[in-house]
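First comes the structure, then the notes that go with it.
The values are calculated or read from the model by the stated rules, or taken from the named source; none is laboratory data. The model shown is predicted, which means the values in this text are computed figures rather than measured ones. Here the Cβ is made from the backbone with ideal geometry for all residues, glycine too, and neighbour counts use every protein chain on show. Protein only, heavy atoms only, side chains kept; ligands, DNA and RNA dropped before computing areas. Shrake-Rupley method; radii C 1.70, N 1.55, O 1.52, S 1.80 Å.
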Amino acid sequence: MSVSKKIVNDFVANGIEFVTTVPCKQLGGVIAAVEKEPSIYHIPSNKEDEGMGLCAGAFMGGKRPAIIMQNTAIGVTVNTLVTLTQFYRMPLPMLISYRGELKEPVACQVEMAVHTKALLNQLNIPTYHFHQPGDEQELDAILKYTFMCNKPVAILTDATFWGGY
Amino acid sequence: MIRSEIIRDIAPILRDQLVVCNIGLPSQELHMIDDQASTFYMLGTMGLSSSIGLGVALAQQKTVISIDGDGSVLTNLGTLPTIANNVADNFILLIIDNGSYGSTGDQPTYAGKKTSLTAVARACGCENVIECHAEETGVVLQAAIDSKVMTVIVAKCESGNIKVPVITKDPVVIRDRFMNEVVRTDE
Ligand SMILES: [Mg+2]
């Protein structure tokens, strides 16, 4: 089974029924698997803060949400993460493409990569980093943890984990 | 008519619905006029009232009304294509368009100049967009609720504010009582 399919299976097993995505080449397989999964309502968003608003609404409406995005989004969503997701204590698994790490071909991506963990740390967001193939084994436990503590939680997935470009 | 007068007018209609209310003065006004557990007051995060409301509407069956402003919709203009392409017939977006950023001192918005949010919403693919005068808001809103078709309402009004207290309720309390209303069944 592909890693993308395994990730979506973990979403489904943890009751996630509402997933918003902002496109990413590295996460293209996961986004396609989300789209194919009949038990998930897939709603692409135009910007990640919009997506977090949708997820907040879906959660209050009774559906477990998740967002799939690039690490550049951390720069876009700080205000939303602190004044909506954290302030109202809502769970939000964030599956993040960690661009700008080893094997990155685009220099500009590194500029955001060097701030990614620092920003997440500053925001007190629990952060997990999938670096080696097989690290996805922890996803099920991370999702359970997210919905146990009602916090946004970051799952960074880098190029080494995905097998390069 | 200014925004607070529209809110006073429509409060009896909002009472029985799930409402997501925009940050700043709109939430403070509605909270002062007719506080309901079924209203989710935004205490921060300008621009996301429509996104939160659409999320609630897509996740369950009850009617959801997002009260938004012209300035807030301009902040999150990407919301309109998302709404148009993810039709939830239990969702109503009510944009109270006073042509200004009311909560920050009535600085003019582009919606009060050359930009028509009604035309923008239609161009984004929203199928039922109704522009109305402030005085008609209640009638148009009630018709939208009864129609059970996703509707965007742009209610044009004058800018201007009244003095209102800030909301001091804890955000988790606001969220919890709203979620209880989502699942409440009428006996
Ligand atoms: Mg305004």
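A few comments on the model shown:
- The one condition from (1) under 21 Å from B:Ala11 (Cβ atoms); (2) in a loop (DSSP other than H, G, I, E, B); (3) more than 14 Å from chain A (Cβ to nearest Cβ); (4) open to solvent by less than 60 Å² (accessible area, probe 1.4 Å) that B:Leu141 does not meet is (2).
- Within segment B:159-175, residues that are more than 17 Å from B:Gly69 (Cα to Cα) have Cβ atoms under 9 Å from residues that are of a type in the set (S, T, N, Q) and within 16 Å of the ligand (Cβ to nearest atom) in these pairs: B:Val164/B:Ser4; B:Val164/B:Gln28; B:Pro165/B:Gln28; B:Val166/B:Gln28; B:Ile167/B:Ser27; B:Ile167/B:Gln28, counting only partners at least 6 apart in sequence or on another chain.
- Filtering segment B:155-178 to residues that are more than 18 Å from the chain's Cα centre (by Cα) and outside any loop (DSSP other than H, G, I, E, B) leaves B:Pro171, B:Val172, B:Val173, B:Asp176, B:Arg177.
- Exactly one residue among B:Ile167, B:Ile153 is hydrophobic (A, V, I, L, M, F, W, C) and within 14 Å of another protein chain (Cβ to nearest Cβ), and that residue is B:Ile167.
- Among all positions in segment B:66-89, there is no residue which is assigned to a loop (DSSP other than H, G, I, E, B) and within 9 Å of the ligand (Cβ to nearest atom).
- Residue within segment B:101-120 that is more than 16 Å from the ligand (Cβ to nearest atom) and either among the hydroxyl-bearing types (Ser, Thr, Tyr) or outside any loop (DSSP other than H, G, I, E, B) (or both) present: yes
- In segment A:1-24, the residues that are without any contact (Cβ under 8 Å) to a residue 24 or more places away in the chain and not polar (S, T, N, Q): A:Met1, A:Pro23
- Close pairs (8 angstrom Cβ cut-off, 6 or more residues apart or separate chains): without any contact (Cβ under 8 Å) to a residue 24 or more places away in the chain in segment B:1-27, within 16 Å of the ligand (Cβ to nearest atom) anywhere: B:Ala11/B:Leu30
- Residues in segment B:88-123 that are open to solvent by less than 40 Å² (accessible area, probe 1.4 Å) and free of Cβ contacts under 8 Å to residues at least 40 places away in the same chain: B:Thr109, B:Thr118.
- Tally of residues being closer than 24 Å to B:His31 by Cβ and at the interface with another protein chain (Cβ under 9 Å from one of its Cβ atoms) across segment B:67-90: 2
- Among (1) closer than 20 Å to B:His31 by Cβ; (2) surrounded by fewer than 13 Cβ atoms within 10 Å (Cβ to Cβ); (3) within 14 Å of another protein chain (Cβ to nearest Cβ) - the single one B:Ile174 does not satisfy: (2)
- Scanning segment B:33-65 for residues that are within 16 Å of the ligand (Cβ to nearest atom) and at the interface with another protein chain (Cβ under 7 Å from one of its Cβ atoms) turns up just one, B:Leu48.
- B:Thr185, sole failed condition from (1) open to solvent by 70 Å² or more (accessible area, probe 1.4 Å); (2) in a helix (DSSP H, G or I); (3) within 14 Å of chain A (Cβ to nearest Cβ): (2)
- Selection within segment B:8-35 - open to solvent by 40 Å² or more (accessible area, probe 1.4 Å), at pLDDT 95 or above and part of a loop (DSSP other than H, G, I, E, B): B:Arg15, B:Ile23, B:Asp35
- For segment A:6-17, the tally of residues that are under 23 Å from A:Ala159 (Cβ atoms), in contact with a Lys or Arg (Cβ under 9 Å, 6 or more places away or on another chain) and open to solvent by 40 Å² or more (accessible area, probe 1.4 Å) stands at 0.
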